[in-house]
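Quick note: the coordinates plus some simple rules give every number you see, no bench work behind them. All of these numbers come straight from a predicted model, not from anything done at the bench. Methodologically, a virtual Cβ is constructed for each residue, glycine included, from the backbone with ideal geometry; neighbour enumeration extends over all protein chains shown.
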Amino acid sequence: MKRRIIKQGKDSFTLTLPKSWIRSLGLKGGDEIDLLEEKGLLIIGAKKAMPSSKLIVNADKFGNALLHYLCAVYRGGVDEIEITFSESNTIETVQKILSDYLIGFEIVSQGKGFCIIKSISMPLEAEFETILNRFFLQTVAMAKSIAEAIKNKDLDHLKDVRKYEIPINRFSIYCRRTLNKRGIGAYENAIPLYAFIDELEIIADSYKHLCDYFLILGGKIEAINPEVQKLLGQLFELLEQNQNLFHKFSEEKAVSFWKKKQEVLKETLSLFKKSSGENTKVLGYIINIIELLTHIFYLKMTIEVKIKLFEKNQKETINST
């Protein structure tokens, strides 16, 4: 598609935008759009946010599952939720859910048997990048702390580490809500990025379950042998490598991660064959987390390939005009 540049005044230039594009995004005069200058390209974009939406939820119907349902509704992009209930202590439950999980939501109205919670801030792309980075770093910190706690036989530290789950869940839910509401960057990357966030939360959950297992063992963590302790440290290093790769991708980093992953997996499987009791259980967790790390590695590679294809297509378009 070609457009002719129109000169206006001494130093200003304008060009018209396709009417079909304007209509598809619901834009109108006075709306802001995004301009990005990159390698000779001028990329014009606009985020089409989902329209404001409302929902009524009967808390009595969901009982103890209210947390999970409200998180799902929030994640899906709903902006206002009226919660009805018969138990007066439900309001305290809702307040805790807001505090622990739902970034940007507050109680805006309440009365006998109901309250209304509402989004008081829109997800922003700049915030998304920051929150996603904090989500990843908090998961890395959890992995490191568990490895150190087991090495030092420190159950009190493990109890503190167990609390990392709350901010991790809060960050992951916010990131998925943002993708559902606005998308981030190139639209086609939203799908693998959403899957990446899902997998990263599963990794955090796996560490949470591992932490719970160690706490159940209590004094029996003395039985975790040095070889398994070493593998927990190497597993943390793999996760940290993955975080660095995600933050700033390079083919050299990708190759380094893959070689390290293969080495750790081989060592884990070898030890699994001759282990028993508590050590076998822990090695099972390690194998599972290695597999999940492989999944997010593949998803990051997919995102990078899509970015390269996008840049290639843009260059070919310029060269053909």
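Which value, in Å³ per residue, describes the convex hull spanned by the Cα atoms of the range 64-201?
Per residue, the Cα convex hull of the range 64-201 comes to 112 Å³.
With labels modelled as points extended 7 Å from the Cα through the Cβ direction, what inter-label distance (nm, one decimal) is found for Ser250 paired with Arg4?
Output for this residue pair reads 4.9 nm.
Loop by DSSP (not H, G, I, E, B), at most 13 other beta-carbon atoms within 10 Å: where is the longest site-free stretch of the chain for GluC sites (Glu not before Pro)? Intermediate results must be reported in sequence, preceding the final value.
Values: sites that count: Glu32, Glu87.
Result for the longest clean stretch: 88-321.
Beta carbons within 10 angstrom, averaged per residue: use that to sort the peptides 209-221, 56-68, highest first.
Numbers: 209-221: 15.3, 56-68: 13.7.
Listed from highest to lowest mean packing, they are 209-221, 56-68.
For Glu127, project a label point 7 Å along Cα to C-beta. Then give me every residue of the range 160-180 with its amide nitrogen under 19 Å of that point.
Output list for this probe position: 167-180.
In whole percent, what relative contact order does the chain give with Cα contacts below 8 Å and a gap of six or more residues?
RCO, the chain: 14 percent.
Amide H of Gln110: which non-local residues (sequence gap of 5 or more, or other chain) have their own amide H closer than 5 Å, using H built in the peptide plane?
Ile116
Thinking of the range 125-312 as a set of Cα atoms, what percent of all their pairs are more than 19 Å apart?
Tail fraction, whole percent: 59.
Can you pull the three principal axis extents for the Cα set of the chain, in Å, largest first?
For the chain, the Cα extents along the three principal axes come out at 79, 61, 29 Å.
With only Lys, Arg, Asp and Glu charged, each at its Cβ (+1 for the first two, -1 for the last two), find how big the charge dipole of the range 133-211 is about the Cα centre; round to the nearest 20 debye. Spell out each step's value before the answer.
Working: 13 positive and 10 negative charges, 55 e Å.
About 260 debye.
Residue by residue, what Karplus-based ³J(HN,Hα) values in Hz, rounded to whole numbers, does the range 258-275 have, using 6.51, -1.76 and 1.60 with θ = phi - 60° and x for Gly and Pro?
4, 4, 5, 4, 4, 5, 5, 5, 4, 5, 5, 5, 4, 6, 4, 5, 10, 9
Helix 165-181 versus the longest principal axis of the chain: what angle, 0 to 90°, nearest 10, using Cα atoms?
20
Could you tally the net charge around Glu87, taking each other residue with its Cβ under 15 Å from the Cβ of Glu87, Lys/Arg +1 and Asp/Glu -1?
Taking every Cβ under 15 Å from that of Glu87, the sum is +1.
Quick one: length gained pulling Lys151 to Arg23 fully straight, 0.36 nm per residue minus the C-alpha distance?
In short, 40.1 nm is gained.
Compute the Rg/Rh shape ratio of the range 172-277: radius of gyration over Kirkwood radius, all on alpha-carbon atoms. Mind showing how you got there, number by number?
On the way: Rg = 17.4 Å, Rh = 16.4 Å.
A ratio of 1.06.
Rg(Cα) of the range 54-119 divided by 2.2 N^0.38 Å?
The range 54-119 yields a ratio of 0.96.
If we count every other residue with Cβ under 10 angstrom of Ile296's Cβ, Lys/Arg +1 and Asp/Glu -1, where does the sum land?
-1
Please give every one of the lysines within straight-line cross-link reach of Lys300, meaning a C-alpha to C-alpha distance under 20 Å, and leave out same-chain neighbours fewer than 8 residues apart.
Result set, ordered by chain and number: Lys248, Lys253, Lys259, Lys260, Lys261, Lys308, Lys312.
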